[in-house]
Amino acid sequence: MRGFFIGRFQPYHLGHHYVIQHILEKVDELIIGIGSAQESHTLENPFTAGERIVMISRALDEIGTKKKVYIIPLEDIYRNSLWVAHVCSMVPKFDVVYTNNPLVSRLFREANFRVEHTKMYNRVEYQGTEIRRKMIEGEDWEIFVPKSVAEVIKEIDGVTRLREIAGKDV
Ligand code: ATP
Ligand code: MG
């Protein structure tokens, strides 16, 4: 059984990490779609698809899963009615979609996919928007992402990038 999970992962945080570990207990293989793959260097999407791939890949190394995981960048097509077909044209076949996003759920259900809802883990702190805000404001953010992800963000000097984009020089 192959599952599909999609996010923007800006950045990949512990909420994603826990939900993916939970999904990996249920499936034989997992496809992780990286949404808005064409975006980078913006307040909402600071990291490139390639940087997000490295974050996810190193976080998965941390778990040490033996299951096959495909990490696939997916560009926006700005056309919801065709979006499921777009996804399917880019990824291996899958049997079940794991999501909490109402639109993603709706679109896949209309296309007759099996959709399973996922649990939310500490959504107050494990939230991309909040973690990006902390990076900009100079608050602690490392504790909300896997250790390996914090390292990747440091390697690419991600916080400085985000602050420059936000127009806040420190
Ligand atoms: P942003 O605030 O930038 O939208 P986000 O935390 O919502 O970031 P996304 O990449 O948009 O992260 O999320 C992808 C998917 O991950 C979503 O469908 C969401 O349901 C799930 N997700 C996000 N945070 C959590 C969490 N804390 N626990 C479980 N699932 C989560
Ligand atoms: Mg979100």
For the chain, the longest principal axis of the Cα atoms and the Cα long axis of helix 80-90 enclose an angle in degrees, to the nearest 10, of 90
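Rounded to the nearest 20 debye, what is the charge dipole size of the stretch 79-170 about its Cα centre when +1 sits on each Lys and Arg Cβ and -1 on each Asp and Glu Cβ? Don't skip to the answer; put the middle values down first.
Details: 15 positive and 14 negative charges, 100 e Å.
I would put it at about 480 debye.
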Counting pairs of alpha carbon atoms under 8 Å apart in space and at least six apart in sequence, what relative contact order in percent does the stretch 96-167 give? 22
Which of rounded, prolate or oblate describes the stretch 2-166 when judged by the alpha-carbon gyration tensor and an a/c cut-off of 1.5? prolate
Pick from Val97, Val19, Val124: which residue has the top mean-square fluctuation in a GNM of the chain where Cα pairs under 10 Å get a spring? Val124
Separation of the stretch 125-151 and the stretch 75-109 by C-alpha centroid, Å? 27
Angle in degrees between helix 49-63 and the longest Cα principal axis of the chain, rounded to the nearest 10: 80
Quick check: from the Cα gyration tensor, does the stretch 126-170 come out rounded (a/c under 1.5), prolate or oblate? oblate
Just subtract the alpha-carbon distance of Arg2 and Met90 from 0.36 nm times their residue separation and send over the number in nm, one decimal. 30.2 nm
Length added when fully stretched, Arg123-Ile63, from 0.36 nm per residue minus Cα-Cα: 19.5 nm
Equivalent ellipsoid semi-axes - Cα gyration tensor, the stretch 88-170, angstrom: 33, 15, 13
Please state the shape class of the stretch 46-90: rounded when a/c is under 1.5, otherwise prolate if a/b exceeds b/c and oblate if not, all from the C-alpha gyration tensor. oblate
State to the nearest 20 debye the size of the charge dipole of the stretch 2-166 about its Cα centre, where the only charges are +1 on K and R beta carbons and -1 on D and E beta carbons. 560
Part-to-part distance (alpha-carbon centres) for the stretch 47-68 and the stretch 30-44, which is given in Å: 14
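Values in this text are rule-based calculations from the coordinates and carry no lab data. Please read all numbers here as calculations on a predicted model, not as lab measurements. Don't worry about glycine lacking a Cβ; one is built from the backbone with ideal geometry, like all the others, and counts go over all protein chains shown.
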